[in-house]
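**Student:** Please find one structure pasted underneath; my questions will follow.
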Amino acid sequence: MIAEKLVQTYKVSFDQNNQELALAGSMRPQRAAEMADCVKLLETSLASIRGTFYVNVKRLVRLNNVAFHSLAGALLKAAEERPDIKITIITSSVIGWSTKKFGTLTAKNPKIVVEEYDSEFYPGQAFLEEGGFVPVLRTQTKLTWKHERSILPRHGLEPGMTMADICCGIGDFAVLVAKEFSPSRIVALDHSKSSLAYARQVASEFDIGGIEYIYGDAAEMLLEDGQFDFVSCRHALQIFNKPEMIVNELVRICKPGGRVYVTNEKISQCLGEPRGPSIEWTYEQLSKLFADFDMDLEFGPKSYQALQRAGLEDLRIESFMVTNRDGDAQAFADMIMAWEEMFAGGMSEKRGDDAAFVEKFRRGFEDHIAAALHPGGYAGWPVWVASGRKPR
């Protein structure tokens, strides 16, 4: 059973199956009496549960002191009067004040705990946000754009559309789309403040206007339903431990009849000659390394099923191979060199791999670089593209 009530500019709902009270929107009452209906639903909900009572404030973008004191009073009262229950308040780092504000209740009653749900949702965030990874992302986009600029129209992107680029990273893809396809609107969202700062700088340097860079959580976006004709999410589902949550959000913000477009890798199929066996071994190990951090660099071919499960129609999938023969062998080599430092250096050491493993792991990257720069060598990096249409 789900009880729900619309109150002013916020929404309050209770899901009995999950024992979760969800608050969303902007709660700014002038008097405590205006909170009566909300507090009553909270108290009624508490009366019907056992064990843990969840209060979900991930989408609560504003909360004044009148509203907070009303909610805090009801929660503290329940924690004191009900020894059989525990209260868990679920916040998000995207709403910066919420964890700190609700965290004050824990000091008053330890039965009330606060969990910032996305602190563990992005297991690879610390590695992929670091400033040293910026050149990697720029080079990757440079290499993939040669393919994607002709692929995107096959997957539904047309000039003048409204577009969202979710998990936009450093924003270079949004800039290239703006130049090539002239969308009427582009929203670019990411969970990394440092990446967004860089993205705004790049857009400014290239005198590209009209891109709205937004800080947000791709699994719980503060964007309205059905806004965009085309929603892209590139090289991102593979680094989340719950990609289906991201896909559902991509579909939610897409207009009926619009398309969702994703790209991902199958890293174990990276190849190169000469020294193929060494290269193959290293990328198999790289896939396992990411898996140990709850990421799936084999997600590329799985994209089709992920979009299908989300209810999309007219599914399309294809793959392309970025190679050293695309015209810039040095750029390909630079990308692999950066991978080596990030993955054989940072991530492998973080996992606690011994020196012998790390040396062999590095050798495969170095052999891939050598293959890319060899006059008769060939080096490749495979990328999968998938898209689907949201039913009308």
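**Student:** Hey, can you grab everything whose amide H is under 5 Å from the amide H of Val114? Only 5+ residues off in sequence or another chain; H modelled, so Pro and N-termini drop out.
**Tutor:** Ile89
**Student:** Going toward the positive end of the dipole of region 1-93, with +1 on Lys and Arg Cβ and -1 on Asp and Glu Cβ, which of Leu23, Ser92, Leu46 do you reach last?
**Tutor:** After comparing all options, I get Ser92.
**Student:** For region 1-106, compute the orientation-averaged projected area of the C-alpha convex hull (one quarter of its surface), in nm².
**Tutor:** Values: hull surface 24.1 nm².
Computed as one quarter of the Cα hull surface, the answer is 6.0 nm².
**Student:** Would you work out the Kirkwood radius for the chain? I mean one over the mean of 1/r across all pairs of different Cα atoms, in Å. Present the calculation step by step, with values, prior to reporting the outcome.
**Tutor:** Working: mean 1/r = 0.0435 Å⁻¹.
Final number for the Kirkwood radius of the chain is 23.0 Å.
**Student:** Here's a follow-up. For region 196-246, what D do you get in µm² per second when you plug the Kirkwood radius from alpha-carbon pairs into Stokes-Einstein at 25 °C and 0.890 mPa s?
**Tutor:** Values: Rh = 13.2 Å.
Answer from the Stokes-Einstein relation: 186 µm²/s.
**Student:** To the nearest 10 square angstrom, how much accessible area does Cys233 have with a 1.4 angstrom probe?
**Tutor:** Approximately 0 Å² of Cys233 is accessible to the 1.4 Å probe.
**Student:** Right, next: I need the peptides 284-291, 81-88, 219-226 ranked by packing, meaning the mean over residues of other C-beta atoms within 10 angstrom, with the highest value on top. Could you put the intermediate results ahead of the total?
**Tutor:** Numbers: 284-291: 17.9, 81-88: 13.5, 219-226: 16.2.
Those peptides, ordered most packed to least, come out 284-291, 219-226, 81-88.
**Student:** Further question on the same structure: When the Kirkwood hydrodynamic radius is evaluated over all pairs of different C-alpha atoms of region 234-392, what value in angstrom, to one decimal, is obtained? All intermediate terms of the calculation are to be shown ahead of the outcome.
**Tutor:** Numbers: mean 1/r = 0.0600 Å⁻¹.
With all distinct Cα pairs of region 234-392 included, I get 16.7 Å.
**Student:** Moving to a separate point now. Excluding ligands, DNA and RNA, what is the solvent-accessible area per residue of the chain at a probe of 1.4 Å, expressed in Å²? Could the numbers behind the result be given before it?
**Tutor:** Numbers: 17030 Å² over 392 residues.
On a per-residue basis, 43 Å².
**Student:** Also, quick follow-up: Computed over the Cα atoms of region 17-78, what is the convex hull's projected area averaged over all directions, in nm²?
**Tutor:** Numbers: hull surface 16.6 nm².
Averaging across all directions leaves 4.2 nm² for the Cα convex hull.
**Student:** Once R0 is set to 30 Å, what does the formula 1/(1 + (r/R0)^6) return for the Cβ-Cβ distance between His374 and Arg154, expressed as a FRET efficiency to the nearest 0.05? Please list the in-between numbers first.
**Tutor:** Working: r = 33 Å, r/R0 = 1.10.
Rounded to the nearest 0.05, the efficiency is 0.35.
**Student:** Roughly how large, in nm² to one decimal, is the mean projection of the convex hull of the alpha-carbon atoms in region 168-261? Display every interim value, and only then the final one.
**Tutor:** Values: hull surface 23.0 nm².
The directionally averaged projection comes out at 5.7 nm².
**Student:** At a 1.4 Å probe radius, carbon and sulfur cover how many percent of the accessible area of the chain?
**Tutor:** Values: 8490 of 17030 Å².
Here carbon and sulfur together make up 50 percent of the probe-accessible area.
**Student:** Running Debye on region 148-203 with equal point scatterers at the Cα sites and no solvent, what base-10 log of I(q)/I(0) appears at q = 0.24, 0.29 Å⁻¹?
**Tutor:** -0.93, -1.17
**Student:** How do 307-317, 187-197 rank on mean C-beta neighbours within 10 Å, highest first?
**Tutor:** Numbers: 307-317: 15.8, 187-197: 20.7.
Highest-to-lowest ranking by the protection proxy: 187-197, 307-317.
**Student:** Only bridges with both residues in the chain count here: give the DSSP antiparallel percent, nearest 5. Don't jump to the answer; show the numbers that get you there.
**Tutor:** Working: 31 of 68 bridges.
Counting only bridges with both partners in the chain, antiparallel ones make up about 45 percent.
**Student:** May I pose another question? Give the separation of the Cα centroids, region 189-235 to region 48-116, in Å.
**Tutor:** 30
**Student:** Dipole magnitude of the chain about its Cα centre, charges +1 at Lys/Arg Cβ and -1 at Asp/Glu Cβ only, in debye to the nearest 20?
**Tutor:** Working: 45 positive and 53 negative charges, 258 e Å.
Dipole of the chain, to the nearest 20 debye: 1240 debye.
**Student:** To one decimal place, what Kirkwood hydrodynamic radius in Å is obtained for region 302-392 from all pairs of distinct Cα atoms? Write out the running numbers ahead of the final one.
**Tutor:** Working: mean 1/r = 0.0641 Å⁻¹.
Kirkwood radius, region 302-392: 15.6 Å.
**Student:** Still on this model: Checking the a/c ratio against 1.5 first, then a/b against b/c, what shape does the Cα gyration tensor give for region 269-326? Write down the numbers at each step before the final one.
**Tutor:** Details: a/c = 4.09, a/b = 1.56, b/c = 2.63.
In terms of gyration-tensor shape, oblate.
**Student:** Divide by every residue of the chain the summed helix terms, -39500 (n - 2.57) for each DSSP H run of at least 4, and state the resulting mean residue ellipticity at 222 nm, rounded to the nearest 500 deg cm²/dmol.
**Tutor:** Values: 13 runs with 160 residues, N = 392.
Per the formula, -13000 deg cm²/dmol.
**Student:** Got a sec? What order do His155, His69 fall in by accessible area at 1.4 Å, biggest, i.e. largest, first?
**Tutor:** Values: His155 0, His69 120 Å².
Ranking His155, His69 by accessible area, largest first, yields His69, His155.
The values are calculated or read from the model by the stated rules, or taken from the named source; none is laboratory data. Because the structure is predicted, anything quoted here is derived from the model rather than measured. Don't worry about glycine lacking a Cβ; one is built from the backbone with ideal geometry, like all the others, and counts go over all protein chains shown. Only protein heavy atoms, including side chains, enter the accessible area calculation; ligands, DNA and RNA are left aside. Shrake-Rupley method; radii C 1.70, N 1.55, O 1.52, S 1.80 Å.
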